[in-house]
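Shown next, in structure tokens, is the structure this report addresses.
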Amino acid sequence: MNWRRIVWLLALVTLPTLAEETPLQLVLRGAQHDQLYQLSSSGVTKVSALPDSLTTPLGSLWKLYVYAWLEDTHQPEQPYQCRGNSPEEVYCCQAGESITRDTALVRSCGLYFAPQRLHIGADVWGQYWQQRQAPAWLASLTTLKPETLGNG
């Protein structure tokens, strides 16, 4: 999986909605160290070393982590069926329709990526991210929610 491509794609999709005074911050892992890029609608405005103290709420990014796990572990597609029962379906599809993984990521459909719906086991999830030396907050399914502050 090409993480760099996914991250840049997300950045490009987000750029048009940015206000000039609020730059998007993007971190890329380099061979020597991680770099923090600040982006605005006019492009990269600043590049610096990633500060150890930087934290940010996951917001919708938790869906990207679930997507990455699904793809990297070759999980079969499990379309989400919209029934019109949840207000969150506005991000997914119309009642009677279904949505697949790629479209769910583009539309930010959290219902598709719910770990319970996908039957993602906490032990398998934790082992996967620990093997990749991910931060502890990412290895725990219980902390995979928008308000979790992530760093490292």
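Of the residues making up the stretch 87-102, those that are of a type outside the set (Phe, Trp, Tyr) and more than 16 Å from TRP69 (Cα to Cα) are PRO87, GLU88, GLU89, VAL90, CYS92, CYS93, GLN94, ALA95, GLY96, GLU97, SER98, ILE99.
When the stretch 27-69 is filtered for residues that are of a type outside the set (A, V, I, L, M, F, W, C), modelled with pLDDT of 80 or more and under 11 Å from the mean Cα position of the chain (by Cα), the ones remaining, listed by number, are LYS63, TYR65, TYR67. Picking from residues in the stretch 23-80 that are charged (D, E, K, R) and closer than 16 Å to TRP137 by Cβ, the one that is surrounded by the most Cβ atoms within 10 Å (Cβ to Cβ) is LYS63. Within the stretch 83-93, not a single residue is touching a Pro at 6+ places or on another chain (Cβ under 9 Å) and modelled with pLDDT of 95 or more.
Considering the stretch 90-118, and only residues there that are over 12 Å from the mean Cα position of the chain (by Cα) and among the polar types (S, T, N, Q), the residue that is nearest to LEU58 (Cα to Cα) turns out to be GLN116.
The values are calculated or read from the model by the stated rules, or taken from the named source; none is laboratory data. All values derive from a computational prediction rather than experimental measurement. Counting neighbours? That spans all protein chains shown, and the Cβs are built from the backbone with ideal geometry, glycine included.
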